[in-house]
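J.: Attaching a single structure in structure tokens format; questions to follow.
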Amino acid sequence: MRFEGKVAIVTGAGSGIGRATANRFASEGARVCLVDVNEDGLQGSLPEGDHMILTCDVSDETQVEGVVKAVMDKWGRIDAVANNAGIACTKEAIMDNDMAVWPKVLGVNLIGVANFIKHAGRVMCDQGSGAIVNTASVAGIRSGAGGNAYSASKAGVINLTQTAACDLGGFNVRVNAVCPGLIETGMTKPIFDIARDKGKEEKLGSRCELRRYGRPEEIAAAICFLASDDASYITGQALPVDGGNTAS
Ligand code: NAD
């Protein structure tokens with residue numbers, strides 16, 4: 001039970017990777033605050049036990065500050081934060097971009113992460129301990145045609161992870177990122193639906209060395225590893241969890 005007596009916040013916990021991460025933290029003994037903008041999703045994610053759900057738009061600093069305060073009021077400490085909330089955008093050439101998408105995507109995917117690092121990070125610095133794990137993406141390591149705001153936001157998360165690791169390291173607070181490859185979740189449902197309609201589901205896994213797409217639980221396992229004392233000497237890193245997609 002790596003998180004016995006510990007408190008974890010998981011954003012984007014109403015679905016997919018965040019839901020799996022909240023469950024993994026809970027199954028290893030943590031008290032978990034599940035955060036999402038989608039109240040219905042949160043209700044469906046809540047594990048049994050001493051946990052809480054809070055509706056919050058991570059791109060809004062005031063709301064994030066409210067989450068951190070609520071967790072401190074209830075449990076008095078924050079040991080781990082999984083900054084996982086994210087949104088996708090359509091893949092298209094930058095010449096065709098609706099530029100209104102950029103502030104939305106950067107607001108959730110990048111500024112949302114910064115908001116939690118700032119406010120939960122302050123608590124962790126005062127405690128003298130803590131671990132933050134940000135969900136970036138392989139798209140933040142190497143983009144491709146049409147990556148636009150999403151890829152840029154995830155590259156920003158990787159860079160922010162390094163910056164924050166430097167700022168918080170002196171307080172014994174670690175900051176890392178995971179970079180998932182293709183995982184079946186609500187976000188990728190349209191891709192999976194189209195592939196299945198065409199009878200081409202296996203093709204979805206063909207872009208990585210393990211020749212299959214991933215499961216949310218496989219990302220949750222990596223997030224919880226980086227959040228745990230098993231990773232006590234790891235900070236400022238971005239770990240691909242992608243079946244070898246970025247290996248070649
Ligand atoms: P998902 O859509 O199933 O879950 C994302 C969750 O984030 C949703 O519950 C959504 O309501 C929540 N969310 C969206 N905007 C929010 C906001 N402003 N405030 C709070 N919550 C908000 O998708 P997922 O695949 O589980 O995505 C989780 C993370 O993993 C994202 O950051 C995503 O970019 C990243 N990721 C996913 C894949 C993949 O293949 N699924 C690959 C690489 C990275």
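J.: Of all residues in region 17-40, how many are in contact (Cβ under 8 Å) with a residue 40 or more places away in the chain, surrounded by fewer than 24 Cβ atoms within 10 Å (Cβ to Cβ) and within 16 Å of the ligand (Cβ to nearest atom)?
T.: 2
J.: Going through 112, 128, 140, 107 one at a time, which residue ends up being of a type outside the set (Val, Ile, Thr) and more than 10 Å from the ligand (Cβ to nearest atom)?
T.: 128 is the lone residue from the list that is of a type outside the set (Val, Ile, Thr) and more than 10 Å from the ligand (Cβ to nearest atom).
J.: Tell me which helices (runs of 4 or more DSSP H) are completely within region 1-111 and hold 1 or more residues being of a type in the set (Val, Ile, Thr), at pLDDT 95 or above and over 14 Å from the mean Cα position of the chain (by Cα), or say none if there are none.
T.: On the way: elements: 16-27, 39-45, 61-75, 101-106.
Where helices (runs of 4 or more DSSP H) fall fully within region 1-111 and carry at least 1 residues being of a type in the set (Val, Ile, Thr), at pLDDT 95 or above and over 14 Å from the mean Cα position of the chain (by Cα), they are 61-75, 101-106.
J.: So which of 115, 148 ends up being crowded, with 20+ Cβ neighbours inside 10 Å and modelled with pLDDT under 95?
T.: Answer to the selection: 148.
J.: List every residue pair whose Cβ atoms sit under 8 Å apart, with the two residues 6 or more apart in sequence or on different chains, where the first one lies in region 236-248 and is more than 25 Å from residue 117 (Cα to Cα) and the second, anywhere, is small (Gly, Ala, Ser) and surrounded by 21 or more Cβ atoms within 10 Å (Cβ to Cβ).
T.: Listed by first residue and then by second, the contacts come to 243/181; 243/214; 245/181; 246/181.
J.: Out of the residues in region 130-145 meeting the condition of being over 23 Å from residue 30 (Cβ atoms) and either of a type in the set (D, E, K, R) or at pLDDT 95 or above (or both), tell me which one is surrounded by the fewest Cβ atoms within 10 Å (Cβ to Cβ). Don't jump to the end; show me each part of the working.
T.: Step one: of region 130-145, the residues over 23 Å from residue 30 (Cβ atoms) are 137-145.
So of that shortlist, the ones also either of a type in the set (D, E, K, R) or at pLDDT 95 or above (or both) come out as 137-142.
Values: 137: 28, 138: 22, 139: 20, 140: 24, 141: 17, 142: 11.
Only one residue tops the list, namely 142.
J.: Tally the residues that are farther than 18 Å from residue 161 by Cα and part of a helix (DSSP H, G or I), restricting the search to region 112-145.
T.: Residues in region 112-145 being farther than 18 Å from residue 161 by Cα and part of a helix (DSSP H, G or I): 2 in total.
J.: Filter region 158-180 down to the residues that are in a helix (DSSP H, G or I) and buried (at least 24 other Cβ atoms within 10 Å of the Cβ), then identify the one that is nearest to the chain's Cα centre (by Cα). Steps first, please.
T.: Step one: of region 158-180, the residues in a helix (DSSP H, G or I) are 158-169.
Of the ones still in play, those that are also buried (at least 24 other Cβ atoms within 10 Å of the Cβ) are 161, 164.
On the way: 161: 12, 164: 15 Å.
Here the residue is 161.
J.: Sticking with this structure for a sec: Six or more apart or on different chains, Cβ under 7 Å: which pairs go from a residue in region 202-213 that's in contact (Cβ under 8 Å) with a residue 24 or more places away in the chain to one that's in a helix (DSSP H, G or I)? Could you list them?
T.: Hits for this filter: 211/205; 212/205; 213/204; 213/205.
J.: Test residue 199 against the stated conditions and say whether it is surrounded by fewer than 23 Cβ atoms within 10 Å (Cβ to Cβ) and in contact (Cβ under 8 Å) with a residue 12 or more places away in the chain.
T.: On the way: surrounded by fewer than 23 Cβ atoms within 10 Å (Cβ to Cβ): yes; in contact (Cβ under 8 Å) with a residue 12 or more places away in the chain: no.
Here the answer is no, as residue 199 does not meet what is asked.
J.: Which of (1) more than 10 Å from the ligand (Cβ to nearest atom); (2) buried (at least 23 other Cβ atoms within 10 Å of the Cβ); (3) assigned to a helix (DSSP H, G or I) is the odd one out, the single condition residue 154 does not satisfy?
T.: (1)
The values are calculated or read from the model by the stated rules, or taken from the named source; none is laboratory data. Just so you know, these numbers come straight off a predicted model, no measurement behind them. Methodologically, a virtual Cβ is constructed for each residue, glycine included, from the backbone with ideal geometry; neighbour enumeration extends over all protein chains shown.
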